[in-house]
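Some notes on the structure that comes next.
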Amino acid sequence: MSKILIIEDEAAIRRVLVKILSEENNSYQVTEAEDGLAGIELIKKDDFDLVLCDIKMPKMDGVEVLEAIKKIKPETPIVMISGHGDLDTAVNTMRLGAFDYISKPPDLNRLLNTVRIALDRKELVVENTRLKKKVSKNYEMVGESNAIVHIKEMIEKVAPTEARVLITGPNGTGKELVAHWLHQKSDRSKGPMIEVNCAAIPSELIESELFGHVKGAFTSANKDRAGKFEAANGGTIFLDEVGDMSLSAQAKVLRALQENKVQRVGSDKDIKVDVRVLAATNKDLKKEISEGNFREDLYHRLAVILVKVPPLNERRDDIPILVDYFTEKISTEHGTAQKKFSEKALKKLKEYDWTGNIRELRNVVERLIILGGSEVSEEDVKLFASK
């Protein structure tokens, strides 16, 4: 049932609106407020799918109400109700975030069509939010070991700031998860998070990938192309395996961090960017610096905050928790009943040398779910989890 709030000081107009909406669709639950202050109190207490708000009202006019609702419940669509002399104001409210406006006296078809479209939009917003939450579950940090608790506490402190973070640790430990948590818990979470795997891009293409290029900059540059820094504007860029970046690209990244500007390959025009930089590496960057492979000045720019993700062998007590997490996730993906692991099976898994870390554990759990018995036993682990 869609919940609609009408904020209107004229009782006659409220009656007309209620009548039109009730006769059109008996699934509309309509609530009335006689002025802006009363309407805002109702908004604070309840979730409405749509608000119809008059512009000219005592105590608080419709523009003030619109601005207040946008702060309290920004996702709620608001349709303004305007008298003939309020049309300019009504148009201006669209710039302030109103969904639409209707004129007095309300035209039946116009009103109903606007209401239907606004409610459809609210459903899309809700669905989008649900999908984002579903996506974010792919980046859960699972574990209760001291090392993981410490990382979570660091994320809570660091995420709301603009500080750059360098995430270190062996392959498969979950460095990407830390980066996603930092982004999702930051003030930039509504902006994009652009990931760049520096190790997967050939050295001759890394600059074009990061900063873009102009047509004719090189043989295959058939048109202008924006780079990852531009794509991440207003959000976060995650430079994964930053230790594999060429020295030439490092120099340009350093300039981007110093000046908040980039230049596309083949151009001398500066483009301003507003990005937060997170980086990760499995290399010892101080060793790379001593060997001339990594710029020390860039290291100090990136490593304002240093987060070290431990290998799985250093957090073995988390293995039963991780097994439960992966079992539920994999069973859901496969559409099968969730299997249990015996205590002896879990004990055996804790004894393994997990050189591939979390990534390897997930693969082993999936293998055991597919090949093991109805309850995964120690024998199953010996048979199917061996290296």
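Laboratory data are not the source of any read-out in this text; all were calculated from the coordinates shown. Every value quoted in this text rests on a predicted model; they were computed, and no experiment measured them. Here the Cβ positions follow ideal geometry from the backbone for every residue, glycine too, while neighbour counts run over all protein chains shown.
Some observations on this one:
- What separates the Cα centres of the range 189-252 and the range 340-371 is a distance of 37 Å.
- Magnitude of the charge dipole, the chain, Cβ model with Lys/Arg +1 and Asp/Glu -1, debye to 20: 700
- Theoretical FRET efficiency, 1/(1+(r/R0)^6), r = Cβ-Cβ of Val91 and Leu124, R0 25 Å, to 0.05: 0.55
- Spin-label pair Arg367-Asn113: with each label point 7 Å from Cα along the Cα-Cβ axis, the two points sit 6.2 nm from one another.
- Positive-pole candidate from Trp354, Ala226, Gly372, dipole of the chain, charges at beta carbon: Trp354
- With Cα atoms, 0 to 90° folded angle of helix 11-24 axis to the chain main axis: 60
- Across the alpha-carbon set of the chain, the Rg to Rh ratio works out to 1.10, Rh being the Kirkwood radius.
- C-alpha long axis of helix 62-72 to longest principal axis of the chain, angle in °: 30
- Under the simplified labelling scheme, the Thr355-Glu75 pair shows an inter-label distance of 4.6 nm, with each label point 7 Å from Cα along Cα→Cβ.
- FRET E, pair Ala163, Glu333, Förster distance 45 Å, beta-carbon r, rounded to 0.05: 0.80
- Normalised by the number of residues in the chain, the mean separation of alpha-carbon contacts (under 8 Å, six or more apart) gives a relative contact order of 12 percent.
- Computed lengthening from Ser220 to Ser145, 0.36 nm per intervening residue step minus Cα-Cα distance: 22.0 nm
- Per-residue ³J(HN,Hα) for the range 171-176, Karplus 6.51 cos²θ - 1.76 cosθ + 1.60, θ = phi - 60°, Hz, x for Gly and Pro: 4, x, 8, x, 4, 5
- Helical mean residue ellipticity (222 nm; -39500 (n - 2.57) per DSSP H run of 4+; nearest 500) of the chain: -14000 deg cm²/dmol
- Given in Å, the Rg to one decimal and the Dmax to the nearest whole number for the Cα atoms of the range 140-310 are 16.1, 53.
- Helix axis angle, 319-334 relative to the chain longest principal axis, alpha carbon, degrees: 60
- Normalised by the number of residues in the range 140-310, the average gap of Cα pairs under 8 Å and 6 or more apart makes the relative contact order 32 percent.
- If R0 equals 56 Å, the separation of the Cβ atoms of Lys269 and Lys347 corresponds to a calculated FRET efficiency of about 0.35.
- Dipole magnitude of the range 136-191, debye to nearest 20 (Cβ charges: Lys/Arg +1, Asp/Glu -1, about Cα centre): 160
- Cα-projected label distance for Lys382 with Asp46, points at 7 Å along beta-carbon direction, nm: 6.5
- Largest mean-square fluctuation among Val18, Val149, Val365, in a Gaussian network model of the chain whose springs join Cα atoms under 10 Å apart, belongs to Val18.
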